[in-house]
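Notes follow the structure.
Derivation of every value follows stated rules applied to the coordinates shown; laboratory data play no part. The shown structure was predicted, so the numbers you read here are calculated from the model rather than taken from an experiment. FYI the Cβ positions are ideal-geometry reconstructions off the backbone, even for glycines, and counts take in every protein chain you see.
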Amino acid sequence: MEAPLAPPEQPPTGPRPDPLAGDGRSDEELMQRVQAGDPAAYQALFQRHQARIFSYLSRKTRDPQAAADLYQETFLKVYRARDSWAPDRPFRPWLFGIAANAARDRARRQQRRPQEVEIADWEGATRDHPDARLGLEAAIAALPDTLRDAFLLGVVEGFDHREVAGLLDISPDNARARISRARAFLRQQLEGEA
């Protein structure tokens, strides 16, 4: 059976929806409904997370077309793998793990480094300062892949060290160290521009 609602051809644009918006049910409750065959629950999960997943994939791949392809692949994999999700596991790290693995698999297949980073909606001081935002985007693009992955998941997407560790298949101490090194690298790059 194919997904009851396939991701749209065009990735999301505009402001990100509130991930807790909707009918008040948690992601885990919705995923249990998806496992029971409820297409409305799949649509609710999709709508709740589509912008964040696309934004994450855009930054990770630094290729808008690749991000769009991986965005669709991620949500199709979520539906196809719905029975492998365990109700005692948090949904959001599982979802981002699928997205991260899809991007990693694509990079392995292509055996090339992506070319540029796009940050759809960077939260914080750069929002009102386009020059600072461009500098930050360039600094993130210059991060080594291992540091960029940890930074994007831990700082931008808000996962804690244990969740980052699980998503990247590294120890929590290693996740903490990578995030710290990424922050130091970015601080050095941004201070050099000032």
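Once the Cβ-Cβ distance of ALA141 and ASP169 is raised to the sixth power relative to R0 = 25 Å, the FRET efficiency obtained is 0.60. Does anything in the range 77-104 have its amide N under 13 Å from the 7 Å Cα→Cβ label point of ARG162, and if so which residues? Within reach of a label on ARG162: 89-90. For the peptides 53-64, 83-94, 33-44, residues were scored by their other Cβ atoms within 10 Å and the scores averaged per peptide; the highest-first order is 53-64, 33-44, 83-94. Treating the range 129-194 as a set of equal point scatterers at the Cα positions, no solvent, please give the Debye-formula log₁₀ I(q)/I(0) at q = 0.28 Å⁻¹. The Cα Debye sum returns log10 ratios of -1.14. Taken along the Cα-to-beta-carbon direction at a fixed 7 Å, the label points for GLN43 and ASN101 span 2.8 nm. Evaluated at q = 0.11, 0.17, 0.18 Å⁻¹, a Debye calculation over the C-alpha positions of the range 14-114 (equal weights, vacuum) places log10 I(q)/I(0) at -0.33, -0.75, -0.83. Amide H contacts of ARG62: GLU118, each under 5 Å away and 5 or more positions distant or on a separate chain (H built 1.01 Å from N in the peptide plane; Pro and chain starts excluded). Taking 0.36 nm per residue of separation and subtracting the current Cα-Cα distance, fully stretching the chain between ALA81 and ARG108 would add 7.6 nm. Remark: spin-label model distance GLN35-LEU134 equals 4.9 nm, labels positioned 7 Å along the Cα→Cβ axis.
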